[in-house]
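Here's the structure we're looking at; comments come further down.
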Amino acid sequence: MKSVEFRGVTKRFRSEAILENINLVIPSGKFFALLGPSGCGKTTLLRLIGGFEWVDKGQIRLGEKDITNLPSNQRSVNTVFQNYALFPHLNVFDNIAYSLRVRGLENEVIRKRVGKLAEAFGMDRHLYKDISELSGGQQQRVAIARAVINEPDVLLLDEPLAALDSKLRERLLVELSDLQELLQTTFIYVTHDPSEALSVADQMAIMNNDGDIEQIGTPREVYEYPVSSFVARFVGTTNILRGVFVIKERAVGVEVPGIGVFLLDPASVAAGSFSESCLTAGEGAAAFISIRPEKIMISRRPIEGMEPKLTGKVETKVYYGHSTMYQVRANDTVVLRVFEQNEEHVRQEIIDYDDPVFLYWLDKNVVVLER
Ligand SMILES: Nc1ncnc2c1ncn2[C@@H]1O[C@H](COP(=O)(O)OP(=O)(O)O)[C@@H](O)[C@H]1O
Ligand SMILES: [Mg+2]
């Protein structure tokens, strides 16, 4: 296991900069996810680490070592691709054993190591099958086993589960996460699917359409304290309101015209990475705030002892099984989305289309965005 570091890396194709001045530290021995929309440069970044592309500017380091100009076969880095890329003429055992054979290890050693890994992956019963006899999920397990058998310092995974159905994807994600914990190899997992990144990563980076890294943090930090509207929207659904900073009775808030003042919780201002912009911008400066739909409570009646943040009218109601989504119009320009769990043991009332409603949330769930 080793860390990977990008120092001021720029990568151009023809004259277009796909990645520009990337500075990124991927910690050693962790499950790191790189999340971003299709075409933003994720595969390019992985290929630079793997040594399949060359930087135009900057430096890439593996642990203490500058590997910027090192050929791919001299980097202790392996890759798992979306399309498996297995050797079709070799059976499962020989696919997994391939790199050990190249290194000339003894048959007995190879048998033991392949057997152990195959068992961890539930593939021990399939070792002597042809690749064509395997399902997609089984093929991807073989591809992963083949990539980790020679214990690389870093494993690159480029959307490895994208071709599988969602139930299988969930299961393989858990297996991958267990494998990473077992091996303690640095995993760099690229995906355009936020739920994959949020559910398995120790740390994650979010890349925007221009190939810039917008935020790095734990899944929780990124989801709860997005720095920008791009991140807030990309990792989930949110409500973004535009207003100006105000100071009210020594508390900081954001006033949204025609709606009201939403105070910010000092503790969460300090916890979030937005504290500086919020406190230095000063009164009257433009502000964007984000409130996630699941942080909002909706009620047809006022709730005793609680001040509603907003009142409005239900404009749309969508049943999702586990939850219901309400779109509530507060005025001509402001519409908020609310998610409510369909638990039904607390709620006594049914909320319908056109109903007037009261909305409640905690100050700490109002997040100021930097842009
Ligand atoms: N070998 C190449 N030559 C020219 N352009 C490329 C090449 N590889 C990728 N690109 C371009 O770089 C951009 C980023 O691609 P890629 O890294 O594959 O994105 P992602 O993996 O995030 O979908 C795209 O616009 C793509 O067309
Ligand atoms: Mg890609």
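For this structure, a couple of remarks:
- Inside segment 211-228, residues that are touching an Asp or Glu at 6+ places or on another chain (Cβ under 8 Å) and surrounded by fewer than 19 Cβ atoms within 10 Å (Cβ to Cβ) make up a count of 3.
The rows are residues; the columns are (1) aliphatic (A, V, I, L, M); (2) over 29 Å from the mean Cα position of the chain (by Cα); (3) at pLDDT 90 or above.
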position	(1), (2), (3)
Arg242	no, no, yes
Gly253	no, yes, no
Ser275	no, no, no
Thr280	no, yes, no
Ile291	yes, no, yes
Leu310	yes, yes, yes
Ala330	yes, yes, yes
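- Per the listing Pro37, Pro71, the residue uniquely under 27 Å from the mean Cα position of the chain (by Cα) and either at pLDDT 95 or above or outside the structural domain of Phe187 (by TED's automatic domain parsing) (or both) is Pro37.
- The residues of segment 13-37 that are more than 16 Å from ligand 2 (Cβ to nearest atom) and in a loop (DSSP other than H, G, I, E, B), listed by number, are Arg14, Ser15, Pro27, Ser28, Gly29, Lys30.
- Condition met for Glu249 (outside the structural domain of Glu159 (by TED's automatic domain parsing) and farther than 24 Å from Gln327 by Cβ): yes
- Scanning segment 85-116 for residues that are β-branched (Val, Ile, Thr), surrounded by fewer than 19 Cβ atoms within 10 Å (Cβ to Cβ) and either outside the structural domain of Gln74 (by TED's automatic domain parsing) or closer than 20 Å to Leu157 by Cα (or both) yields a total of 0.
- Residue within segment 172-189 that is within 16 Å of ligand 2 (Cβ to nearest atom) and of a type outside the set (Asp, Glu) present: yes
- Among residues of segment 13-41, those that are surrounded by fewer than 23 Cβ atoms within 10 Å (Cβ to Cβ) and within 9 Å of ligand 1 (Cβ to nearest atom), counted: 8
- Looking only at segment 160-198, and only at residues there that are touching a Pro at 6+ places or on another chain (Cβ under 7 Å) and outside any helix (DSSP H, G or I), the one that is surrounded by the fewest Cβ atoms within 10 Å (Cβ to Cβ): His192
- Taken together, the residues in segment 199-211 that are more than 14 Å from ligand 1 (Cβ to nearest atom) and outside any strand (DSSP E or B) amount to 4.
- Residue within segment 83-94 that is modelled with pLDDT of 95 or more and either closer than 20 Å to Leu172 by Cβ or of a type in the set (Val, Ile, Thr) (or both) present: yes
- Residue count, segment 179-198 (criterion: at positive phi and within 16 Å of ligand 1 (Cβ to nearest atom)): 0
- Scope segment 42-61; condition surrounded by 21 or more Cβ atoms within 10 Å (Cβ to Cβ) and more than 10 Å from ligand 1 (Cβ to nearest atom); matching residues: Ile49, Ile60
- Scope segment 127-145; condition within 20 Å of Arg169 (Cβ to Cβ) and in a helix (DSSP H, G or I); matching residues: Gly136, Gly137, Gln138, Gln139, Gln140, Arg141, Val142, Ala143, Ile144, Ala145
- Scanning segment 84-108 for residues that are in a helix (DSSP H, G or I), closer than 19 Å to Arg141 by Cα and without any contact (Cβ under 8 Å) to a residue 12 or more places away in the chain gives a single hit, Asp94.
- Residues in segment 320-349 that are assigned to a strand (DSSP E or B) and among the β-branched types (Val, Ile, Thr) were compared, and the one that is farthest from Ile240 (Cα to Cα) is Thr324.
The values are calculated or read from the model by the stated rules, or taken from the named source; none is laboratory data. Values in this document were obtained by computation on a predicted structure and should not be read as measured data. Here the Cβ is made from the backbone with ideal geometry for all residues, glycine too, and neighbour counts use every protein chain on show.
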